[in-house]
Amino acid sequence: MKTSVGFWDALFGERITLEIPSPNGGVKKAEVTKKWLEKMKREGKMKQVSSSSQTSQPDPLLERAENLVQAAQINAVGMFTPLLDRFPILREVDVEHSDFILTVASVFMAATRLNNLRLGDEREERLMEVVVERLDQWKPDGTRGFEDCKVLFESEFDRLTEVGHEPRFVASDAVGKWIVWNILGRPPQTDEECILVRAIGGMVTHAFFDWWDK
């Protein structure tokens with residue numbers, strides 16, 4: 001007997017392959033008829049979700065996103081005391097404000113590193129939503145500080161690149177300038193302040209460069 005295309009569909013109804021959760025937490029495939037699937041949907045016994053949702057697993061970087069702000073705050077407190085010994089000018093600044101600036105800068109550099117990893121827009125946005133939420137919970141103006149850091153960092157990064165600044169110091173010096181400017185309440189001017197830009201920017205960048213790799 002010659003079998004025409006669509007014979008089995010005509011006999012039993014069009015068949016569809018579904019991906020459903022397996023007992024071991026994975027995904028398995030099951031073949032059902034389209035008619036049966038539509039009946040299950042009408043009765044509310046089955047809900048269709050996107051294939052990406054079916055196969056998605058918890059993001060291993062989610063915990064890193066959850067803990068970033070707290071880690072940045074702890075790092076800010078820990079790094080300020082050693083800096084006081086090297087740069088006496090810091091003895092005149094508000095410590096609480098300095099901790100805020102250092103925390104925001106650390107979160108920003110970790111976020112910059114996340115963007116450089118090219119994980120995909122959807123995944124990156126999902127992780128950054130968690131980071132921003134934690135920033136807002138930490139300080140009401142945390143996100144505003146982050147945005148301010150972003151603006152000056154990008155401007156300074158471009159400027160340093162254009163003038164042929166040593167590549168390995170471009171990012172750290174750019175964020176360092178934002179930190180020092182905000183801690184002192186004015187742009188860095190003296191030799192000591194310019195050295196502080198390099199030192200403090202390097203410490204923040206180094207501390208959170210591999211945050212997402214751990």
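The values are calculated or read from the model by the stated rules, or taken from the named source; none is laboratory data. Everything quoted here is computed from the prediction, not taken from an experiment. Cβ placement follows ideal geometry from the backbone for every residue including glycine, while neighbour counts extend to all protein chains displayed. Calculation scope for accessible area: heavy atoms of the full protein, side chains included, ligands and nucleic acids excluded. Shrake-Rupley method; radii C 1.70, N 1.55, O 1.52, S 1.80 Å.
Values for this structure:
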| item | result |
| --- | --- |
| Number of positions in segment 99-128 that are within 10 Å of the chain's Cα centre (by Cα) and hydroxyl-bearing (Ser, Thr, Tyr) | 1 |
| Tabulated pairs, segment 109-125, first farther than 13 Å from Phe153 by Cβ and at pLDDT below 90, second surrounded by 15 or more Cβ atoms within 10 Å (Cβ to Cβ) and not β-branched (Val, Ile, Thr), C-beta under 7 angstrom, 6+ apart or interchain | Leu117/Trp212 |
| Leu160 surrounded by 15 or more Cβ atoms within 10 Å (Cβ to Cβ) and in contact (Cβ under 8 Å) with a residue 40 or more places away in the chain | no |
| Meets criteria (outside any helix (DSSP H, G or I) and farther than 21 Å from Ile89 by Cβ) for Pro187 | no |
| Only listed residue being out of contact with any Gly (no Cβ under 9 Å at 6 or more places or on another chain) and under 14 Å from Val69 (Cβ atoms), chosen from Pro187, Pro140 | Pro140 |
| Tabulated pairs, segment 58-84, first under 14 Å from Leu114 (Cβ atoms), second among the small types (Gly, Ala, Ser), C-beta under 6 angstrom, 6+ apart or interchain | Leu68/Ala110; Ala72/Ser106 |
| Any hit, segment 148-162, residues being part of a helix (DSSP H, G or I) and either touching a strand residue (DSSP E or B) at 6+ places or on another chain (Cβ under 6 Å) or closer than 14 Å to Ala72 by Cα (or both) | no |
| Scope segment 175-199; condition surrounded by 12 or more Cβ atoms within 10 Å (Cβ to Cβ) and acidic (Asp, Glu); matching residues | Glu192, Glu193 |
| The one condition in (1) touching a residue at least 24 places away in the same chain (Cβ under 8 Å); (2) open to solvent by 80 Å² or more (accessible area, probe 1.4 Å) that Gly202 fails to fulfil | (2) |
| Ser172 surrounded by fewer than 18 Cβ atoms within 10 Å (Cβ to Cβ), out of contact with any Asp or Glu (no Cβ under 6 Å at 6 or more places or on another chain), among the small types (Gly, Ala, Ser) and not in a loop (DSSP other than H, G, I, E, B) | no |
